[in-house]
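Heads up, the thing below is written out as structure tokens.
The values are calculated or read from the model by the stated rules, or taken from the named source; none is laboratory data. Keep in mind that what you see is a predicted model, and the values were worked out from it rather than measured. Reconstructed Cβ throughout: ideal geometry from the backbone, glycine too, with neighbour counts over all protein chains shown.
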Amino acid sequence: MTIDSHQHFWKYDPVKHAWIDDEMAVIRKDFLPSDLKKVYDENAVDGCVAVQADQTLAETDFLLHLAESNNFIKGVVGWVDLKDSEVDGILERYHSHKKIKGWRHIVQGEADHNFLIRPDFLNGISYLEKYDYAYDILIFPHQLGATLEFVKKFPNQKFVIDHMAKPYIKDGFFDGWAVLMKEIAKHENVFCKMSGMITEADYKQWSAEQLHSYMLLVLEAFGPERIMFGSDWPVSLVAGNYTQVKNVVTDFITSLSTPEQNAIMGANAIDFYNL
């Protein structure tokens, strides 16, 4: 199966989605399962993991409702306030929803570079393993140092780095990102999504060649057994269509064995998220 490990749905709201700036105006509208199903039919994608884009429990409930109504949505990565002292009870309540597979916080938006390693957040993370929940790490490269300290604290927790930690491709920033990605990849409970690349490059002038060194570093560091394809649809639409996004990855991995290609394009996501 081909599984898109990372996409979003929303009913566009100019306040809630204020992060969609003028450069991204093309995605200032609703994106719902009926829109994505057509795209998947055209691109031979069998299913997906829907990931939160808003930091409310209402967002988690919205995604679960969509997943229950649309079989191709195989799992949900929701949001919960992991700093809440009552988080264990909240996680337990959601555990009856079989399609909730993990959680995410928009750490990239936090002013505190060390947000991940604050005691109240670490306390929340400590409950995830009990429920076999995964955790998606959404960060910028300047937060990779804290991320390394963070993953060291939870050797049995399933982690995945979203969008390869959003390297500053447009600026040609590589070495500082690469050093820390290689260190983090030494922790075998940490996976990486090969996603979100074209929106970190120049929206209008990116090329597959420009992305190659970043993908190669991730492949060498994590190996094909810990990488997942993700589209980041519909955010990706600001820089290219779905076919282009998928081809960036499928073209890059053509030299790998068929089982390795299948792992990256679906099997790893199925195993990681228990789809």
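The criterion of being more than 20 Å from Ile137 (Cα to Cα) and either hydroxyl-bearing (Ser, Thr, Tyr) or at pLDDT below 95 (or both) holds for Ser257. Do you know which residues across segment 194-241 are hydrophobic (A, V, I, L, M, F, W, C), within 20 Å of Gly47 (Cβ to Cβ) and surrounded by 23 or more Cβ atoms within 10 Å (Cβ to Cβ)? Of everything in segment 194-241, those that are hydrophobic (A, V, I, L, M, F, W, C), within 20 Å of Gly47 (Cβ to Cβ) and surrounded by 23 or more Cβ atoms within 10 Å (Cβ to Cβ) turn out to be Met194, Ile227, Met228, Phe229, Trp233.
The set of residues in segment 18-71 being touching a helix residue (DSSP H, G or I) at 6+ places or on another chain (Cβ under 8 Å), in a helix (DSSP H, G or I) and either in contact (Cβ under 8 Å) with a residue 60 or more places away in the chain or among the polar types (S, T, N, Q) (or both) consists of Glu23, Met24, Val26, Ile27, Val39, Glu42, Asn43, Thr60, Ser69.
Conditions (1) assigned to a helix (DSSP H, G or I); (2) over 18 Å from the mean Cα position of the chain (by Cα); (3) modelled with pLDDT of 95 or more, marked per residue:
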position	(1), (2), (3)
Met164	yes, no, yes
Trp177	yes, no, yes
Lys182	yes, yes, yes
Glu188	no, no, yes
Cys192	no, no, yes
Asp202	no, yes, no
Gln205	no, yes, no
Met215	yes, no, yes
Glu220	yes, yes, yes
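The single condition from (1) of a type outside the set (Val, Ile, Thr); (2) within 30 Å of Phe174 (Cα to Cα); (3) more than 14 Å from the chain's Cα centre (by Cα); (4) assigned to a helix (DSSP H, G or I) that Gln108 fails is (3). Pairs are defined by a Cβ separation below 8 Å, a sequence spacing of at least 6 or placement on different chains, a first member in segment 6-17 that is assigned to a strand (DSSP E or B), and a second member that is among the aromatic types (Phe, Trp, Tyr); the pairs so defined are Gln7/Trp233; Trp10/Phe31.
Within segment 156-177, the residues that satisfy the criterion of being surrounded by fewer than 19 Cβ atoms within 10 Å (Cβ to Cβ) and within 21 Å of Glu220 (Cα to Cα) are Tyr168, Gly172, Phe173, Phe174, Asp175, Gly176. Out of all the residues in segment 88-101, is one or more closer than 24 Å to Val45 by Cα and in a helix (DSSP H, G or I)? Scanning segment 88-101, I find no residue that is closer than 24 Å to Val45 by Cα and in a helix (DSSP H, G or I), so the answer is no.
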